[in-house]
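Notes for the one structure printed next.
The values are calculated or read from the model by the stated rules, or taken from the named source; none is laboratory data. Worth saying up front: this structure is predicted, and the values here are computed from it rather than measured. For neighbour counting, all protein chains shown are included, and Cβ atoms are generated from backbone atoms with ideal geometry for every residue, glycine included. Side chains included, ligands, DNA and RNA excluded: accessible areas come from the protein's heavy atoms. Shrake-Rupley method; radii C 1.70, N 1.55, O 1.52, S 1.80 Å.
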Amino acid sequence: KHAYDGALDDALASVYDNVHMRAELAAAEEMLDKCVAEAQKAALDDAAVMRQELQDQYQQQEQVALAAEARCKEAESQISAARGRIAALRAEAAELVAANQSLKHAVLSDSSWSAPELLRHYEKGPAQEQDA
C-alpha cells in the first residue's frame, strides 16, 4: 500500500504539474495573442496616419499642379494674342511703308526737279542702291 500511495502521490504531482504547465502555456498564448493584437493595432494606426499625411501631400501637390496648368494656359493665350497683335502690326507696318513709298513717288513725280535717277533711288531705297 505504501508503494501504491507513493505512486499515486507521484501521479498526482505529475497531473498537478501538467495542469499547472498547461495553465501557464495558455496564459502565455493569451499574452502573445494580446501583444500581437496590440502591435497590429499600433501598426494599423501608424499606417492610417501616414496614409492621411500622404493623401494631404498629394492633394496639395495636385492643387499646385492645377494652378501651374492654369498659369500655362493663361500664358499660352497671352502668347497667342501677342502673336496676333504682332502679325497685325507687321501688316500695318507693311501697308504704311507701301503708302509712304507711294507718296514719295507721287511727290517726286510732281516735282519739277525730279529725274528718273532720283525716282529709282527712292524706289529702291539708299541701302538697296549701295548693294547694287
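In this label model, residue 26 and residue 10 are separated by 2.8 nm, measuring between points 7 Å along each Cα→Cβ vector. By the equivalent-ellipsoid construction on the alpha carbon gyration tensor, region 46-100 comes out with semi-axes of 52, 4, 4 Å, ordered largest to smallest. Inverting the pair-averaged 1/r between distinct Cα atoms of region 21-82 gives 16.2 Å as its Kirkwood hydrodynamic radius.
Per-residue surface analysis assigns residue 97 an accessible area of about 80 Å², computed on protein heavy atoms at 1.4 Å probe radius. Residue 71 contributes an accessible area of around 150 Å² to the protein surface, as traced by a 1.4 Å probe with all chains present.
Taking θ as phi - 60° and the Karplus parameters 6.51, -1.76 and 1.60, the scalar couplings of region 76-91 work out to 5, 5, 5, 5, 4, 5, 5, 5, x, 5, 4, 4, 5, 5, 5, 5 Hz in sequence order, x denoting glycine and proline.
Between residue 107 and residue 81, the FRET efficiency from the beta-carbon distance, with R0 = 35 Å, is close to 0.35. Rolling a 1.4 Å probe across all protein chains gives residue 95 an accessible area of roughly 120 Å².
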